[in-house]
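Asker: My questions will all concern the structure given below.
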Amino acid sequence: LLLAYRLSKKIVTPLNRLNLDAPLSNEVYEELSPLLKRMDAQQRQLKHQSEELKRKREEFETATENMSEGLIILNEKGVILNLNRAAAKMLGLSEDSVGKDIFSEKTSVNLKEPTQIALSGKNTEEVFALRDGNCQLLENPVSTDGKVTGAALLVLDVTEKERAEQMRREFTANVSHELKTPLHSIMGCSELMENGLVKAEDMPRFVSRIHSEASRLVTLVDDIIGLSQLDENAEFPKEEVDLLALAEVEVGALAATAKDK
């Protein structure tokens, strides 16, 4: 028993002293070389995979943190897996919200119903009013092998978009009004001329008026085309104008309408 104890201790002690962090640095028993080589290969593979995962995570975080849109990734239970800065700012969340249930977090908008719809496997889209604007929430389910494993929430700040749409509506209404004025003037003059109610000596003045209003219509159309090109960030030449002369022209153009009113 004493001999067996000493012999087994002598055999096992080198095994207990193996440096598993650097398997190939161990010189113990030749019979262990295949095992140590296999361990070294697996460690190098795990290290490579870990570095690859770290690199992809850093790329993902760099991309999402520099997005102007908010992005939230949830698992199938509604736990926040990832949250970028834009989403936290718009929804009133904090970085500590990662790892917490989104249903228990206080947000500036109600995410419960659209999130439940997304986790049930359906896409949803809603617009919410924020304190200083509006946001559009797009929620899409994330599926793996036909099973919903989470959801992706995209939050868009649509404040400027809605303001632009409002400006477009106002612009359309203003353009319609501006186009009617010269058209009514042209129609009035041409109708008088057609019915022979214009004296011969007044004919040049009426023709000049028609020409002037037609030129104004062309200018308005050119302005509309120019404004539409502003959406494409086109550059336009600038020039000084005489505001008094411009105002006098407009007063003359609106004189008949003003007199009727």
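Asker: For the range 112-183, what is the number of Lys pairs with C-alpha distance below 29 angstrom, counting only pairs 8 or more positions apart or on separate chains?
Answerer: 6
Asker: In addition: With each pseudo-label sitting 7 Å past Cα toward Cβ, what's the residue 117-residue 44 distance in nm, one decimal?
Answerer: 5.4
Asker: Compute the angle between helix 203-230 and the longest alpha-carbon principal axis of the chain, please, reported from 0 to 90 degrees and rounded to the nearest 10.
Answerer: 0
Asker: Give the whole-number value, in cubic angstrom per residue, of the convex hull volume spanned by the C-alpha atoms of the range 1-138. Walk me through the intermediate numbers first.
Answerer: Details: hull volume 26.9 nm³, N = 138.
Output value, Cα hull per residue: 195 Å³.
Asker: Pick the calculated Cα Rg over 2.2 N^0.38 Å for this structure from [x] 1.46; [y] 2.10; [z] 1.42?
Answerer: Only one listed value fits the structure, namely [y].
Asker: Additional query: If we sort 238-248, 205-215, 16-26 on the protection proxy, mean other Cβ atoms within 10 Å, highest first, what's the order? List each step's numbers first, then the result.
Answerer: Values: 238-248: 8.1, 205-215: 14.8, 16-26: 12.0.
Output ranking for 238-248, 205-215, 16-26: 205-215, 16-26, 238-248.
Asker: Normalised by the number of residues in the chain, what is the relative contact order in percent for Cα pairs under 8 Å and 6+ residues apart? Please report the intermediate quantities before stating the final value.
Answerer: Working: 246 pairs, mean separation 26.5, N = 261.
Worked out over the chain, it gives 10 percent.
Asker: In Å², and per residue, what accessible area does the chain have when probed at 1.4 Å with the other protein chains present? Provide the component values of the computation, followed by the final result.
Answerer: Values: 19690 Å² over 261 residues.
Spelled out: the 1.4 Å probe surface of the chain, per residue, equals 75 Å².
Asker: How would 194, 160 line up by accessible area, probe 1.4 Å, largest first? Walk me through the intermediate numbers first.
Answerer: Values: 194 150, 160 120 Å².
In descending accessible area the options line up as 194, 160.
Asker: Give a residue-ordered list of calculated ³J(HN,Hα) values for the range 104-113 (Karplus: 6.51 cos²θ - 1.76 cosθ + 1.60, θ = phi - 60°; whole Hz; x for Gly, Pro).
Answerer: Using θ = phi - 60°, the values come out as 9, 8, 7, 10, 6, 10, 7, 9, 4, 5 Hz.
Asker: For 89, 261, 122, give the ranking by accessible area with the largest first, probe 1.4 Å.
Answerer: Working: 89 175, 261 200, 122 130 Å².
Descending accessible area places them as 261, 89, 122.
Asker: Residue by residue through the range 19-32, which ³J(HN,Hα) values in whole Hz follow from phi under the Karplus form 6.51 cos²θ - 1.76 cosθ + 1.60 (θ = phi - 60°), with glycine and proline marked x?
Answerer: So the J values, rounded to whole Hz, are 8, 6, 6, 9, x, 6, 7, 8, 10, 10, 10, 4, 5, 8.
Asker: Same structure, new question: Taking the Cα atoms only, what angle lies between the long axis of helix 159-194 and the longest principal axis of the chain, rounded to 10 degrees?
Answerer: Tilt of helix 159-194: around 20 degrees.
Asker: For the range 68-121, what % of the accessible area comes from carbon and sulfur atoms, probe 1.4 Å?
Answerer: Working: 1360 of 2900 Å².
Ligands and nucleic acids excluded, carbon and sulfur reach 47 percent.
Asker: Taking a 1.4 Å probe, which of 28, 109 shows the most accessible area, and what order do the others take after it?
Answerer: Order by accessible area, largest first: 28, 109.
The values are calculated or read from the model by the stated rules, or taken from the named source; none is laboratory data. Bear in mind the structure is a predicted one, so any value in this text is a computation, not a measurement. Glycine also receives a Cβ, built like all others from the backbone with ideal geometry; neighbour counts cover every protein chain displayed. Note: areas computed on protein heavy atoms with side chains; ligands, DNA, RNA excluded. Shrake-Rupley method; radii C 1.70, N 1.55, O 1.52, S 1.80 Å.
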